[in-house]
């Protein structure tokens, strides 16, 4: 059984998640800011970080990665379409976020469809472009959990008016998520948790997809 700790971080109240197993192994999803707060939780719980999972490349979701990896080394999981630009001077949201301090190695360059079974984790990668070219969701079927990044929110979806956003791609991505079991609990990149079933009932964007 996995335990989820949510940390609201940064100027845009993005969600970072620490996913831990009963064996004290952990995955960190979208460390966008406030690296000290994230590392404090990891240290307090005496966790061993096994990976950093990046749902997409926008700076508010990756901004604390360098800081954390400097303290707590672990491999990075990220789609190749976003890793090409995410760690460059192009990725900033001034005056709120400067560009990442340096390029990062991405050990697991994702395409979508990967299955990763290590330690106590059974994870599947679902490619969900649209908000960004390399958006992905991380699905844990044994625990009925989905980390949706900025693809799907409660009663809403990610914006597509940012550079390289694509509304048609996002609609296709939402259709893929709509096929997941209704009981799947969704942990989005911003805002409160929800379920696939709840979004099929209330979210017009998912209904149309």
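The values are calculated or read from the model by the stated rules, or taken from the named source; none is laboratory data. As the structure is a prediction and not an experimental result, all values here were calculated from the model. Positions of Cβ are backbone-derived with ideal geometry, glycine not excepted, and every protein chain shown enters the neighbour counts.
For the reader, a short list of remarks on this structure follows.
- If you go through segment 29-51 and pick out every residue that is more than 18 Å from the chain's Cα centre (by Cα) and buried (at least 21 other Cβ atoms within 10 Å of the Cβ), you end up with 1.
- Hits in segment 87-108 - residues which are at pLDDT 95 or above and either closer than 18 Å to residue 12 by Cβ or surrounded by fewer than 16 Cβ atoms within 10 Å (Cβ to Cβ) (or both): 107
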